[in-house]
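See below for the structure under consideration.
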Amino acid sequence: MTIPATLDHSTAGLVCLLRLIPHIGLMRLGLAHESWALDSSALFAAVIDGQLFDAQTPGAQVRHVSESETPPGMRHVCVELAYADSGIVVAYHIVTYADSAALETWIVVQNEGDVPRRVTRLDSLALDLPPDGYHLCAFTGAWGAEFEPQRMILNSAITLESRSGRSSHGHHPWFTLVRNGRSLMSGMIAWSGNWVIRFTPKLDGALALSGGLHNWEFAVDLAPGASVAAPPVTLAFATGADLDETAVQFARLGRQFWYPRNALADALPVEWNHWWAYEDRALDEATFRANVDVAARLGIEVCTLDAGWFGAPDADTHWYEQRGDWDRVNTARFPSGIRALADDVHAHGMRFGIWCEIEGLGIHAQLAERHPEFIAMRDGERLGYVCLGNPAAQQWAFETLDRLVRENGCDWIKLDFNLNPGAGCNRTDHGHGAEDGLYAHYRGYYALLDRLRATHPEVVLENCSSGGLRIDPGIARRTHMAFLSDPDWPEHSLQVFWGATCMLAPDACLHWGYSEWAFAEHPSQTFNPCDPALQPHQVDCYTRISMLRRFGFSQRLPDLPEWVAQRYAEHIQFYKTVMRRFVREADMYRLTGQPLGEGRGDRWAGFQYRMPDGNEHLIAIFRLPGGEPSRALRLKHLQPDRVYTLSWIDTGHRAQMNGATLMDAGLHVENLPEEGSAIVLIHG
Ligand SMILES: [Zn+2]
């Protein structure tokens, strides 16, 4: 084929220009008025038998360029590079999206030689950024402390990474660079295992940015003819310093191109889940059925049976130790079996969800004795999970989930993962090598999720991992939502929602209202719906925080005081009739800084949901303990000279204001108590 001299990959918002002849190189990348990368950029990097292969490697020749646009609006170019006499071919993939200033890149390395080659590093992205002042924004993630913000001036080398074997335990796979306050670039990595992003100042003042799959404890041996793919890294660019300007691009791309969909997921059903209120020890068939009765009366649409239903038929077992025995039902707790519970939920006009940690392997699970070949091990020690890098284990996992759905009539599966695999399995009898076990596990897990969705396209898949420790755009392409965190006390719930929506659309997130923790202990997780001191405005605030995304409860529904149950029913009705359309379709903008747990961060929170036509907006407002008595919230993306009608849904108050006032002076909010909330609908 004839290779074009240049490749123009620009869109309405993005300038992306590559040179292909005589050698591949970057001519321009970024916004129309400001390029974000230098022509010294390596574009990508692979280390093979100790030798670096990138765009700058002497002898690199473009040998083929292919292009497709499926689906429309997503332009995918693949540039194949051959490296003289090495037998190594790198396929460099670039995707851009018509209506955004975003692009995605990754590489596939192929061994076309006749001897095995060892790959020890795969960077999907390698750019040199121009000398300038850069501020880095990132989030760390740990149990009950997801989306803790980090902000720093970039004047020394910084690495963001996960080495836990889970994408969000360490840092979350997201960052933003703000360049001298004038423009910003956000990035995220579509991978659920170990990943890395490196920021390295160079001697000439440029800032080297590279990353993708983590090279820590990683190596893959490529037989002749074999290939290995690195995960996509997505970048989005915007003018100014407002994180919402790239977050909205990611959310739109997610909805249009990345997130799987089905009818039940699209409905954003309101959920009840038994976990925090009962755990496994206090749950049995009668208790579940009693909750189902009340859930139906409140207007709840999905009832989920969480951990505790499987394993040995003994009321004293602990769920964690039994994981793996998904073919056994704990008939001491559920004497009629799981199908009977599902039938009961369906008879009430609701949908049935079930929890499963298909990767997990408890110490008392019979599965380990029946299938010792499934066990992930490192240096002879068990890691506590089933290695899906083993094709036989992957087949077992599929058959197990398929059977759960078919036999029990499940409409929803909550997939959890409660351990850190670290560098992963290094057995050599699984089909993977000693140093790519974790990589193979995640390729296996992704294949399992894809096959499950293909077989049961109507079933909703919820992604959970000790709460929110595996939230990333890779898994978001294969599940319908991410559970944000185990704890959900109000300020923490706002913290994780504020953070998660830098990467994901609100409708890709699930978090319950302030849950009633009956057994687990946490100093801030103290909600008791039966507390005689509980005030209506507190119930409204706690519930509305959950309503910002996919919405649900984990409470003892039959024990609720009548007035609390009544209030929940009203909020559920409002969510169904008004709010969830905004959650599903609107662009969401943050109107305050990030509230943080333990009394830190902003003490007010405001979120603006702007429908795509710009004619309708929903504003959700919260005042946290310690918040000043009043706050002006400056709205975004209104028309300055247009007159808007504001309706406060609690008080019935109405007002008219023009867009310029709402954006400059802001929406003035007062008379909210601490732990108070308001919702304002705006038409114009
Ligand atoms: Zn393995």
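The values are calculated or read from the model by the stated rules, or taken from the named source; none is laboratory data. Everything quoted here is computed from the prediction, not taken from an experiment. Using ideal geometry, Cβ is built from the backbone for each residue, glycine included, and neighbour counts are taken over all protein chains shown. Please note that ligands, DNA and RNA were not included when accessible areas were found on the heavy atoms of the full protein model with its side chains. Shrake-Rupley method; radii C 1.70, N 1.55, O 1.52, S 1.80 Å.
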If I ask for residues that are assigned to a loop (DSSP other than H, G, I, E, B) and touching an Asp or Glu at 6+ places or on another chain (Cβ under 8 Å), which ones from the range 310-319 would you list? Gly311, Ala312, Ala315, Thr317, His318
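Residue-wise test of (1) touching a Gly at 6+ places or on another chain (Cβ under 6 Å); (2) within 16 Å of the ligand (Cβ to nearest atom); (3) assigned to a loop (DSSP other than H, G, I, E, B).
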site: Arg403; (1), (2), (3): no, no, no
site: Glu407; (1), (2), (3): no, no, no
site: Ile413; (1), (2), (3): no, no, no
site: His430; (1), (2), (3): yes, yes, yes
site: Tyr442; (1), (2), (3): yes, yes, no
site: Tyr445; (1), (2), (3): no, yes, no
site: Arg451; (1), (2), (3): no, no, no
site: Ala454; (1), (2), (3): no, no, no
site: Ile471; (1), (2), (3): no, no, yes
The residue that is least open to solvent (accessible area, probe 1.4 Å), considering only those in the range 155-174 that are modelled with pLDDT of 95 or more and more than 21 Å from the chain's Cα centre (by Cα), is Ile158
Give Ala332, Ala342 a once-over and let me know the one that is modelled with pLDDT of 95 or more, assigned by TED's automatic domain parsing to the domain that holds Phe417 and over 18 Å from Leu401 (Cα atoms). Ala332
Being more than 21 Å from the chain's Cα centre (by Cα), surrounded by fewer than 16 Cβ atoms within 10 Å (Cβ to Cβ) and either part of a strand (DSSP E or B) or not aromatic (Phe, Trp, Tyr) (or both): is that true of His135 here? no
From the options Glu373, Glu359, residue that is within 13 Å of the ligand (Cβ to nearest atom) and in contact with a Phe, Trp or Tyr (Cβ under 6 Å, 6 or more places away or on another chain): Glu359
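Tell me yes or no: at least one residue of the range 338-349 is within 15 Å of the ligand (Cβ to nearest atom) and over 24 Å from the mean Cα position of the chain (by Cα).
No: zero hits.
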I'm trying to understand the selection: among the residues of the range 234-248, which are surrounded by fewer than 23 Cβ atoms within 10 Å (Cβ to Cβ) and closer than 23 Å to Asp123 by Cβ? none
When you go through (1) under 22 Å from Asn273 (Cα atoms); (2) part of a loop (DSSP other than H, G, I, E, B); (3) of a type in the set (Gly, Ala, Ser) one by one for Ala340, which number turns out not to apply? (2)
Select from the range 543-571 the residues that are of a type outside the set (D, E, K, R) and in contact with a strand residue (DSSP E or B) (Cβ under 9 Å, 6 or more places away or on another chain) and list them in ascending order. Thr543, Ile545, Ser546, Met547, Leu548, Phe551, Gly552, Phe553, Ser554, Gln555, Leu557, Tyr568
Unique match (being over 16 Å from Trp489 (Cα atoms) and either touching a residue at least 60 places away in the same chain (Cβ under 8 Å) or not charged (D, E, K, R) (or both)) among Leu548, Leu618, Leu596: Leu618
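From the residues in the range 381-401 that are hydrophobic (A, V, I, L, M, F, W, C) and under 12 Å from Asp327 (Cα atoms), which one is farthest from the ligand (Cβ to nearest atom)? Working first, answer last.
First pass over the range 381-401, keeping only residues hydrophobic (A, V, I, L, M, F, W, C): 383, 386-388, 392-393, 396-398, 401.
Restricting the remaining residues to those that are under 12 Å from Asp327 (Cα atoms) gives 396-397, 401.
Working: Trp396: 14, Ala397: 13, Leu401: 19 Å.
Out of the qualifying residues, it is Leu401.
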